[in-house]
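Asks: I have a structure here, written as structure tokens, and I will follow up with some questions on it.
The values are calculated or read from the model by the stated rules, or taken from the named source; none is laboratory data. The model shown is predicted, which means the values in this text are computed figures rather than measured ones. As a convention, Cβ positions derive from the backbone with ideal geometry for all residues, glycine included, and neighbour counts pool all protein chains shown.
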Amino acid sequence: MVNFKTSIRSSLPTAHLRNQALLQFLQCRHYAICHQADQWVACSHHIEAEQAKKELRQQGFSDNEFQIQLEYQREWGFL
């Protein structure tokens with residue numbers, strides 16, 4: 001079994017309007033939002049990175065407005 005986590009961060013300054021639009025879109029998509037100092041990160045264990053990127057592009061966000069990170073975790077069982 002493989003678990004994954006997709007994390008999305010804004011590449012824009014905190015006060016930028018597109019940063020706020022990106023945050024609002026991700027909140028509507030049920031990402032868990034964690035605030036760290038002046039930045040935030042949105043995380044999901046249900047949406048793969050490629051799907052997230054596709055959805056962001058469909059909403060008009062360009063690749064230079066966000067950063068996506070995908071992490072995998074394997075769980076080995078007994079044979």
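Asks: Got at least one residue in the range 7-23 being surrounded by fewer than 16 Cβ atoms within 10 Å (Cβ to Cβ) and of a type in the set (A, V, I, L, M, F, W, C)?
Replies: Yes, that holds for at least one residue.
Results for (1) over 11 Å from the mean Cα position of the chain (by Cα); (2) on the phi > 0 side of the Ramachandran plot; (3) in a loop (DSSP other than H, G, I, E, B); (4) surrounded by fewer than 10 Cβ atoms within 10 Å (Cβ to Cβ), shown as yes or no for each residue.
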position	(1), (2), (3), (4)
30	no, yes, yes, no
42	no, no, no, no
54	yes, no, no, no
68	no, no, no, no
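Asks: Tell me yes or no: at least one residue of the range 10-26 is touching a Ser or Thr at 6+ places or on another chain (Cβ under 7 Å) and modelled with pLDDT under 95.
Replies: There is no residue in the range 10-26 that is touching a Ser or Thr at 6+ places or on another chain (Cβ under 7 Å) and modelled with pLDDT under 95.
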